[in-house]
Structures are given as structure tokens and as C-alpha cells.
Ligand SMILES: Nc1ncnc2c1ncn2[C@@H]1O[C@H](COP(=O)(O)OP(=O)(O)OP(=O)(O)O)[C@@H](O)[C@H]1O
Ligand SMILES: [Mg+2]
């Protein structure tokens, strides 16, 4: 649904890649449902990519994740035909790259798609700026333009001041930035990043991930990022494809992958993740909750609605349907006693509001000093749902909300 208005940048169709001499036979056996191991045993061929079909949208970070040997690098190398697929098609902007001749291929690798490798591929005895300008040199841009662009990109990746240092004298993390700057300097439409951060130590790696996301906000490239690290995949990916033995077993948003792992393989990956940083208010909220309209509903109506719905707290909306706050049963009963026509005076207004994209981890702290639900609103402050304390706890401990409510109720009677 949400993909309807997105532009397809790369389309992968029936893509297969087999290593070995008896490829046709291997492909046939694969089509018949034989596993990678069985095919290897029978034919001596490795099926590295098995019938991949998917699209990558313009401007998205598409992560391919899987264990070592699952076929990630091989699939990526098909994109710029560093390896030729055994069968199938890859379209970039609807152009079939399988029909490109050598010259057009070189052109495409330079102008459209740049690859950032894990081991950087830098020239250690050249300066940072010269390394960054290198890609543009190959493209035949003139020297002034090269240097100007190089300096600009070096600044973008946070290496300002290091322009004239020898690249070999930089730390691993800094070298990785040079590699990234070099790729960005050629202004490619697509960035192919194969385990680009895997060689970095954990702190610098996290930092690079954050910086890539910051940078991506500005440059809006289509990025295909390969990793075998689920945390990295969840952090960077707009969508993630999970590969196993050459097969893509699931494609989805980080949330999809966590909420509905397609099989035990994906589940095994997902089990050790801190869900609270990924699962959002939108997916644990109670949608379209019963509510009170401040203009129309007074204490009598409100108490009645509370009885009917079994709620002792209800959200209140103003005449434009904007969220105002909450009313609690005792306060409303009090207002009724005083013959008030409106609940206006008893609305608790100073309450937190979050967006449906807010991670559950950011909602938790509210409950420390606050016992009402948390309102989920859109940009216009229209109420779209409520997140209850028990829904959040249920999410964190992987139980159903009902169970949590029962446990809590049991606990409050002590
Ligand atoms: N040149 C090659 N010749 C034969 N088999 C190969 C070749 N390159 C890769 N393979 C095989 O293809 C499969 C996929 O390898 P690939 O390098 O794509 O995996 P990967 O997912 O990138 O792994 P890693 O995480 O270790 O980089 C593996 O079974 C591998 O042994
Ligand atoms: Mg690889």
C-alpha cells in the first residue's frame, strides 16, 4: 500500500546465480525444490542466489542481511555486473542492465552506482583529498572541480581538517569515511555498500551508522547495504531482505521483521534484539478509542460511556477533533454532583503526546510519573490511538496485553 507512490529504482527479476560448470543442471534441480546443499552434492555447483524477486525504491536504504555464505555479496555484485547472473534480469530505472555492453557498463559503474567496500580500497600514500577526488579523476572531471567537490564531501563525512593527511596515517574509522566520501563525491544515484562498517570497532561502527543516516537525510541516495549484523540492519534499513542459502526468506520493514518473523531462521536472529527501540507506538496502540467530545458530552454522558466501555479514563477531543486531554471517573462524578454541564473543568490537559512512529522505549519513561495512557496523535493533533502501560509492558516481555492486565490486577490486591 504505502509503496504505491514510490519510484522503483532497482528491480530484480527471477535472478539466479550458480557457481560451477553444471549450472543448467543445478538450476533445474533448484527449481524442483532441491536445497543448496543437495545441489552442491549432486552437481558440485553452488547456488549463491536462488530466484530473487524484489524491487528497491528510490531514496531508500535497502539492507540485505544473512549469515556468512548466504549469497549477499554475490547478489550485490550482480547489480553492477561485477558478476554476471546465470539467469534473470536486473533493471535500473527500467533499463535492463543485462544488455549493456562493456562501455555502457563502465559508464554505469562510474556515474550511477558506486561501490563502497569493506576494506576501503584506498591509496594509502595519497592524501585524503586526492583519494576522494580519485573517482572523479577516472570520470575525467577537471582538477578544480575535483578538488572543490572533494573538500565539500570530506566535510560531509566529518573529516574536515584532514584533507592533506596521508590516508595510510588515518584510523580505520577515518579511512572508512574517506571510502564513503570517495563514493559520494562522484554523486552516484545508487550506493552499494558491502559490509562497509564491519571492520570497525563497535563504538566507531555505531557512530558511522548514525552519521550515514544523518548524511542520507541530506543526500537521499538509493543505498543497498549489506551486513550480517541484525542490529545494524534494523538501525539502517528502511527495508530489510533476509537471505538464507541463496534464498530471500523475508523482506520487510524493521518492524515487520520483528513483529512477524517469516520463519524460525528469522526468529532466531530476532530473539536477541531490544524490541523496545524498534517497536513503535503505532503498532501497540489501541486505535480509535472511545472518547468524549467536549462540546457535546457532559458529565452524565461521560459517566455513562465509562460504564459502557469499562474504562475509568477517557480521552477528550475539542470541536476540531484535536486531542485535549483525559478525564478520570472520580473527577467526572464530582463535576456531575456540582451540576456542571461540561467536563471542561476536569480535563487533565498537561499530558504527553507521541507520534505513531515513536519507539516504545521513548514512551516508557512517561510511566514513571504518570499513570494515564499516552496519547498517539498525528501532525494536526488528531487522536489516532492510546498506548496503555500494560500494552507497553506486554510488548517488552513478549506476552499478550490481557495477561499483563491480569497479572497487574492480581498484584494490586495485595
Ligand atoms: N567465486 C566463487 N566461486 C565459487 N563459489 C563462490 C564464489 N564466490 C562465492 N561463492 C559461494 O557462493 C555462496 C555465497 O557467497 P557470498 O560471498 O555471496 O556470501 P556472503 O553472504 O556475502 O557471505 P559473507 O557474509 O561471508 O561475505 C557461498 O556458498 C560461497 O561459497
Ligand atoms: Mg560477503
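Read the figures in this text as sums done on the coordinates, not as results from a lab. These numbers come from a predicted model, not from an experiment. FYI the Cβ positions are ideal-geometry reconstructions off the backbone, even for glycines, and counts take in every protein chain you see.
Overview of results
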read-out: Inter-probe distance in nm under a simple model that places probes 7 Å from Cα toward Cβ, at residue 155 and residue 378; value: 3.9 nm
read-out: Ascending count of other beta-carbon atoms within 10 Å, so fewest first, for 6, 221, 337, 72; value: 337, 6, 221, 72
read-out: Computed over the stretch 45-128: relative contact order in percent, which uses C-alpha pairs under 8 Å that are six or more apart; value: 18 percent
read-out: The chain, helix-only ellipticity at 222 nm - DSSP H runs n ≥ 4, -39,500 (n - 2.57), divided by all residues, nearest 500; value: -11000 deg cm²/dmol
read-out: Histogram of C-alpha separations across the chain, 20 Å bin width, %; value: 22, 42, 27, 9, 0
read-out: Over the stretch 281-412, relative contact order from alpha-carbon pairs under 8 Å, at least 6 apart, %; value: 27 percent
read-out: Label-point gap, in nm, between residue 296 and residue 348 - each point 7 angstrom along Cα→Cβ; value: 2.6 nm
read-out: Cβ-Cβ FRET estimate between residue 32 and residue 319, R0 fixed at 60 Å, reported to 0.05; value: 0.35
read-out: The stretch 175-256 pair-distance distribution - Cα-Cα, 10 Å bins, rounded %; value: 16, 52, 29, 4
read-out: Percent of Cα pairs exceeding the 16 Å cut-off, where the set is the stretch 97-157; value: 54 percent
read-out: Per-selection Kirkwood Rh - the stretch 280-335 (Cα, Å, 1 d.p.); value: 11.8 Å
read-out: Tilt relative to the chain, helix 202-219 - C-alpha long axis, 0 to 90 degrees, to 10; value: 90 degrees
read-out: Distance between modelled label sites at residue 24 and residue 138, nm, 7 Å Cα→Cβ extension; value: 3.5 nm
read-out: Alpha-carbon Debye profile of the stretch 205-360, log10 I(q)/I(0) at 0.08, 0.18 Å⁻¹; value: -0.43, -1.00
read-out: Gyration tensor verdict on the stretch 99-258 (Cα atoms; rounded if a/c is under 1.5, prolate if a/b is larger than b/c, oblate otherwise); value: oblate
read-out: Potential extension, residue 304-residue 104 segment - 0.36 nm per residue separation minus Cα distance; value: 64.7 nm
read-out: Computed lengthening from residue 148 to residue 123, 0.36 nm per intervening residue step minus Cα-Cα distance; value: 7.0 nm
read-out: Principal axis dimensions, the stretch 281-412 - Cα atoms, whole angstrom, descending; value: 45, 37, 25
read-out: Calculated FRET efficiency for the pair residue 231/residue 14, C-beta based, R₀ 30 Å, to 0.05; value: 0.40
read-out: Percentage relative contact order, the chain, counting C-alpha pairs under 8 Å, at least six apart; value: 14 percent
